[in-house]
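Contents: one structure, followed by commentary.
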Amino acid sequence: MRNLHSPPCSYKLRSTVRFASDGTSGVLLDTSTGRFYTLTAVGVAVCDCLSSRNSISDIIAFVQATFHADDHQIRCDIDAFLESLLSRNLCDVE
């Protein structure tokens, strides 16, 4: 697994990915493959951040403020989620 925390970079959804949510759940559609991916509330929060090209630190801070969860658990969950998006070619690192 790559180190998502260094060097400082930002993440964004690819231009072929569409994101829709109702605030608590959501979906991603990869228009290049036609595949849909369902999102939890945390996934929605992360994807909201990705649409603004936030750094990993910004994403973690936003999720912590929103969900008031354990810092270590949030970092692990976000790392795993971003790694999943990257492996499916749904987001890019800049």
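In the chain, helices alone account for a calculated mean residue ellipticity at 222 nm of -13000 deg cm²/dmol, with every DSSP H run of four or more residues adding -39,500 (n - 2.57). Comparing Cα centroids, the range 12-32 and the range 37-84 end up 15 angstrom apart.
Each Cα pair under 8 Å and six or more residues apart adds its separation to the average, and for the range 11-93 the resulting relative contact order is 33 percent. For the range 11-93, the alpha carbon convex hull comes to 78 Å³ per residue, rounded to a whole number.
No value in this document is a laboratory result; all are computed from the given coordinates. Only a predicted model underlies this, so the values are computations on that prediction, with no experimental measurement involved.
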